[in-house]
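*Asks:* There's a structure below that I have some questions on.
The values are calculated or read from the model by the stated rules, or taken from the named source; none is laboratory data. Quick caveat: nothing in here was measured; it's all calculated off a predicted structure. Glycine gets a Cβ as well: all are built from the backbone with ideal geometry, and neighbour counts include every protein chain shown. Surface accessibility is based on the protein's heavy atoms, side chains included, excluding ligands, DNA and RNA. Shrake-Rupley method; radii C 1.70, N 1.55, O 1.52, S 1.80 Å.
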Amino acid sequence: MPTLTCPSCHSPLQPHAEFGTETIVCGHCRALVGIDGSQATPLGRQDESSARLASEAPLRLGARGTLRGKPVTVTGILERADGDYTWHEIAIADAAGDVGWLWVDRGHFSLGVCEGKQCVSYGADHHYHYQGHKLALFNKGKARVVAAVGEFPFKIDAAALSEITDYIAPPYVASFEDAAWWVFEYVPLADIERAFGVSCPAPVGIGINQPAPYQRQRRAFGLVTVAALLAAILIHFAAGRAPIAAPLVAGTVDLLAAKDAPPESFGPFTLERRWNSLEVEVHAPVVNAWADLTLALVSQETGRSYWTSRGVEFYRGVDSDGPWTEGSTVSTALVRSIPAGTYVLLAHGEAGTWNQGSAPPAAEVRIFDHPAPTSNLLLAIVAVLGVAGLYLFAAHRFESARWQMSDYEPKEYT
Amino acid sequence: MSLLRAHWQTAAHAVWSTLIVGLLGAADFYGYAVFGETPEQVAPGQQHSHIYLRFHK
């Protein structure tokens, strides 16, 4: 390509023919110059924003690097805007002169992977698709060029507004502009910094096509959750023995005995496991009365005793709303952490009445072995599902942050 | 290693779930109930709640 001069300041221009350059920015006066063969025509002037762009762009003009195994050079940088919202489009040329693009949105880099009318197809499901990925409409807007430096394989019209429609299927974003698709794939910042040997500011927020770690792992995470729940259920019913219908010990306790009468003794009975949870059931035919049993399991080996009390109360009557009842003649409780050993049950009972009730003469107490209580399983399920819930919450927050940038409701993409 | 880095949340969940299921199995096997009433323990000759005093007369 012959040496051209800027129509505005007559400085020499050196566009690269191998880049297919149609617009070059004068390095001296920042004017936009159209290149058409050996002709240089003015396309417009630029203000200070062009100089600022040269020094503040995410990558510098002329920067070299190896991106995804291909040596590239930054040949042009565009700053574009839709209203107050700005982004950068960086032209990178490989050794053969083919120009590709990096799109930089709030510090999030994406590499152009396809451009043309055929990149995206319209499916029978009435959605656009890119390589099998269903795209979701993300935004529509009108973009203008704010500033440019370098050279570009198209004419730049700084006054023009281009309609752009963005669709996403992370890590891809497909932009429809000027009757053509531009598909970009998200590139982690670390890859860019490694490729160009630079240090860039941390990206702001969530990139619109930033892959969500939650999305990538959701299937595996779900499988782990389901497997853990199944394992918990299987282990619960395999490792824990089912309750035995017959009580370990049962007795009838005199409720009319004197307060200082010695306790009644029942048993002995043997507990075999390291710890034992026991279901204590007390029954007394109380009507407008209560009965309380004080119970002690006394180890025959150590003399150590384990104390609890359990009562029943049942009341009934009639008021302005009609008949009412309250309480029950049966009461149960799960007593935990009784060590293995041989025990006797000591019991003492007392009873009282209310409103001409009658105290029963005796109460029955039965103690059942209750291995592997269901509450253990429920706690394990809550622990597993709780973490899964946190994961879903984090995934929801990630997507919410992404779609805050959109004018549209979040939609499914694959 | 990179696979683990990319799926660390799933890996952490797998470790956590294994721990929980293991604890459940151990608790069930040894008869330990997480919930339930813990009885008052009294060693021979030890002071205990007044309601039970009469048992040791």
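*Asks:* Scan A:Ile192, A:Ile164, A:Ile168, A:Ile208 and give me the residue that is part of a helix (DSSP H, G or I), more than 14 Å from every other protein chain (Cβ to nearest Cβ) and surrounded by 15 or more Cβ atoms within 10 Å (Cβ to Cβ).
*Replies:* Sole residue among the options that is part of a helix (DSSP H, G or I), more than 14 Å from every other protein chain (Cβ to nearest Cβ) and surrounded by 15 or more Cβ atoms within 10 Å (Cβ to Cβ): A:Ile192.
*Asks:* Can you tell which of A:Thr294, A:Thr302 is open to solvent by 40 Å² or more (accessible area, probe 1.4 Å), modelled with pLDDT under 90 and within 14 Å of chain B (Cβ to nearest Cβ)?
*Replies:* Exactly one of A:Thr294, A:Thr302 is open to solvent by 40 Å² or more (accessible area, probe 1.4 Å), modelled with pLDDT under 90 and within 14 Å of chain B (Cβ to nearest Cβ), namely A:Thr302.
*Asks:* Okay, moving on. Across segment A:252-278, what is the total count of residues that are of a type in the set (D, E, K, R), within 26 Å of A:Arg336 (Cβ to Cβ) and open to solvent by 30 Å² or more (accessible area, probe 1.4 Å)?
*Replies:* 3
*Asks:* With respect to A:Val312, determine if the residue is at pLDDT 90 or above, aliphatic (A, V, I, L, M) and open to solvent by less than 50 Å² (accessible area, probe 1.4 Å).
*Replies:* So A:Val312 passes the test.
*Asks:* Sticking with this one: Considering each residue of segment A:307-352, count those that are among the small types (Gly, Ala, Ser) and within 53 Å of the chain's Cα centre (by Cα), and give that number.
*Replies:* Matching residues across segment A:307-352 total 9.
*Asks:* When segment A:343-368 is examined, which residues are found to be out of contact with any Leu (no Cβ under 8 Å at 6 or more places or on another chain) and either more than 16 Å from A:Ala257 (Cα to Cα) or of a type in the set (A, V, I, L, M) (or both)?
*Replies:* A:Trp354, A:Asn355, A:Gln356, A:Gly357, A:Arg366
*Asks:* What number goes with the only condition from (1) more than 14 Å from chain B (Cβ to nearest Cβ); (2) buried (at least 17 other Cβ atoms within 10 Å of the Cβ) that A:Tyr343 does not pass?
*Replies:* With respect to (1) more than 14 Å from chain B (Cβ to nearest Cβ); (2) buried (at least 17 other Cβ atoms within 10 Å of the Cβ), A:Tyr343 is out only on (1).
*Asks:* Could you check, for segment A:107-130, whether at least one of its residues is open to solvent by less than 40 Å² (accessible area, probe 1.4 Å), farther than 25 Å from A:Ala160 by Cβ and out of contact with any strand residue (DSSP E or B) (no Cβ under 6 Å at 6 or more places or on another chain)?
*Replies:* Yes, segment A:107-130 contains at least one residue that is open to solvent by less than 40 Å² (accessible area, probe 1.4 Å), farther than 25 Å from A:Ala160 by Cβ and out of contact with any strand residue (DSSP E or B) (no Cβ under 6 Å at 6 or more places or on another chain).
*Asks:* Given (1) surrounded by fewer than 21 Cβ atoms within 10 Å (Cβ to Cβ); (2) more than 24 Å from A:Ile156 (Cβ to Cβ), where does A:Leu135 come up short, assuming only one miss?
*Replies:* (1)
*Asks:* Do any strands (runs of 3 or more DSSP E) lying entirely in segment A:305-414 carry at least 3 residues that are among the hydrophobic types (A, V, I, L, M, F, W, C), and which ones are they?
*Replies:* A:305-319, A:330-358, A:362-369
*Asks:* Collect the residues in segment A:256-270 that are away from every other protein chain (no Cβ under 14 Å), under 27 Å from A:His370 (Cα atoms) and either in a loop (DSSP other than H, G, I, E, B) or touching a Cys at 6+ places or on another chain (Cβ under 6 Å) (or both), keeping them in residue-number order.
*Replies:* none
*Asks:* Considering only residues that are under 27 Å from A:Ile208 (Cα atoms) and of a type in the set (Ser, Thr, Tyr), look in segment A:371-413 and name the one that is modelled with the lowest pLDDT.
*Replies:* Looking at residues that are under 27 Å from A:Ile208 (Cα atoms) and of a type in the set (Ser, Thr, Tyr), I get A:Tyr413.
*Asks:* Looking only at segment A:212-251, count every residue that is open to solvent by 50 Å² or more (accessible area, probe 1.4 Å), within 11 Å of chain B (Cβ to nearest Cβ) and within 16 Å of the chain's Cα centre (by Cα) and tell me the total.
*Replies:* 4
*Asks:* Find the strands (runs of 3 or more DSSP E) located wholly in segment A:1-68 whose residues include 2 or more that are more than 28 Å from A:Gly107 (Cβ to Cβ), in contact with a Cys (Cβ under 9 Å, 6 or more places away or on another chain) and open to solvent by 20 Å² or more (accessible area, probe 1.4 Å), and list them.
*Replies:* Fully inside segment A:1-68 and qualifying: A:39-44.
*Asks:* Here's something else I'd like to know. Give the number of residues within segment A:146-161 that are surrounded by fewer than 21 Cβ atoms within 10 Å (Cβ to Cβ) and either without any contact (Cβ under 8 Å) to a residue 60 or more places away in the chain or in contact with an Asp or Glu (Cβ under 7 Å, 6 or more places away or on another chain) (or both).
*Replies:* 6
*Asks:* Does A:Ala143 fit the bill of being open to solvent by less than 30 Å² (accessible area, probe 1.4 Å) and within 26 Å of A:Ser50 (Cα to Cα)?
*Replies:* Considered against the rule, which asks whether it is open to solvent by less than 30 Å² (accessible area, probe 1.4 Å) and within 26 Å of A:Ser50 (Cα to Cα), A:Ala143 comes out as yes.
*Asks:* Sticking with this structure for a sec: So which pairs qualify, if the first residue must be in segment A:78-97 and at positive phi, the second must be assigned to a strand (DSSP E or B) and exposed (fewer than 13 other Cβ atoms within 10 Å of the Cβ), the Cβ gap must be under 9 Å, and the two must be at least 6 apart or on different chains?
*Replies:* A:Gly83/A:Lys142
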